[in-house]
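Trainee: Sharing a structure below in structure tokens format, with a few things to ask.
The values are calculated or read from the model by the stated rules, or taken from the named source; none is laboratory data. Please read these numbers as outputs of a predicted model, since none were measured by experiment. Ideal geometry is used to build each Cβ from the backbone, glycine not excepted, and the neighbour counts take in all protein chains shown. Accessible surface is based on the protein model in full, side chains and every heavy atom, while ligands, DNA and RNA are left aside. Shrake-Rupley method; radii C 1.70, N 1.55, O 1.52, S 1.80 Å.
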Amino acid sequence: MQPVTRALWSGRTLEVHAPGATAGELLLLRALQVWGAAGALVAVALVVALHRAPAVGLVVAVLLYAAGFVLLVRVTRRVRSGVRTLTITVFHGNGRPEVYGDVRLIEASLDLLCLVEDAVRRGQVSRVEYEQVWGQVWRSMPEPVVRPAGRSRSREVAQRRRSHR
């Protein structure tokens, strides 16, 4: 959940991975999400450790940082393709909130996932039943838009801008 900013916008995003994803895949997915900051810390530590040869330290740090992204993107390709995302955005100006996105779906999904997680913690629901509910939520979310190969999003944005002029 994002708090209201100076621009008076706030947002909430729910990401649900495909049912059947392993704990290892989810760990790698989380590693990819935090690599920007974690990789930078590792890179800085390398530069400090190799302070006697700063040019070598910098080259090694940059290569390691980039290699971390490349490796994590490759090993998470399958699980990332199964992630479904639902976002709602709220504009808090004009005297009343203006909501964009499927609020009912995100609230129902969050409620259902929270209820089943609580039931799992209390031992009332098995892991298999939990996975079934998770799958139900995942299937209810919109499928990601797949762009044709070789077609970048920037080209789509540019075309949209030209058509609105």
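Trainee: Given the options Val60, Val47, Val90, name the one that is open to solvent by less than 70 Å² (accessible area, probe 1.4 Å), of a type in the set (Val, Ile, Thr) and touching a strand residue (DSSP E or B) at 6+ places or on another chain (Cβ under 7 Å). Explain how you work it out, then say what you get.
Mentor: Details: Val60 fails: touching a strand residue (DSSP E or B) at 6+ places or on another chain (Cβ under 7 Å); Val47 fails: touching a strand residue (DSSP E or B) at 6+ places or on another chain (Cβ under 7 Å).
Being open to solvent by less than 70 Å² (accessible area, probe 1.4 Å), of a type in the set (Val, Ile, Thr) and touching a strand residue (DSSP E or B) at 6+ places or on another chain (Cβ under 7 Å) holds for just one of Val60, Val47, Val90, which is Val90.
Trainee: Of the conditions (1) closer than 30 Å to Gln132 by Cα; (2) open to solvent by 40 Å² or more (accessible area, probe 1.4 Å), Ala31 satisfies every one except a single condition; which number is it?
Mentor: So Ala31 meets the others, but not (2).
Trainee: Given the structure, is Glu25 open to solvent by less than 70 Å² (accessible area, probe 1.4 Å) and touching a residue at least 40 places away in the same chain (Cβ under 8 Å)?
Mentor: On the way: open to solvent by less than 70 Å² (accessible area, probe 1.4 Å): yes; touching a residue at least 40 places away in the same chain (Cβ under 8 Å): yes.
Yes: the conditions hold for Glu25.
Trainee: Name the residues in the stretch 99-134 that are aromatic (Phe, Trp, Tyr), within 30 Å of Trp9 (Cβ to Cβ) and open to solvent by less than 80 Å² (accessible area, probe 1.4 Å), would you? Please lay out each step first, then the result.
Mentor: Filtering the stretch 99-134 for residues aromatic (Phe, Trp, Tyr) gives 100, 130, 134.
Pick out the ones that are also within 30 Å of Trp9 (Cβ to Cβ) and you get 100, 134.
Trp134 - this is the single residue of the stretch 99-134 that is aromatic (Phe, Trp, Tyr), within 30 Å of Trp9 (Cβ to Cβ) and open to solvent by less than 80 Å² (accessible area, probe 1.4 Å).
Trainee: Considering the stretch 63-77 alone, what residues qualify as being without any contact (Cβ under 8 Å) to a residue 12 or more places away in the chain and either of a type in the set (Val, Ile, Thr) or open to solvent by less than 60 Å² (accessible area, probe 1.4 Å) (or both)? Walk me through it before giving the result.
Mentor: In the first step, residues of the stretch 63-77 are kept if they are without any contact (Cβ under 8 Å) to a residue 12 or more places away in the chain; the result is 63, 66-67, 70-71, 74, 77.
Correct list: Ala66, Ala67, Val70.
Trainee: Now a separate question. Test Arg80 against the stated conditions and say whether it is within 28 Å of Trp9 (Cα to Cα) and under 24 Å from the mean Cα position of the chain (by Cα).
Mentor: Values: within 28 Å of Trp9 (Cα to Cα): yes; under 24 Å from the mean Cα position of the chain (by Cα): yes.
So Arg80 passes the test.
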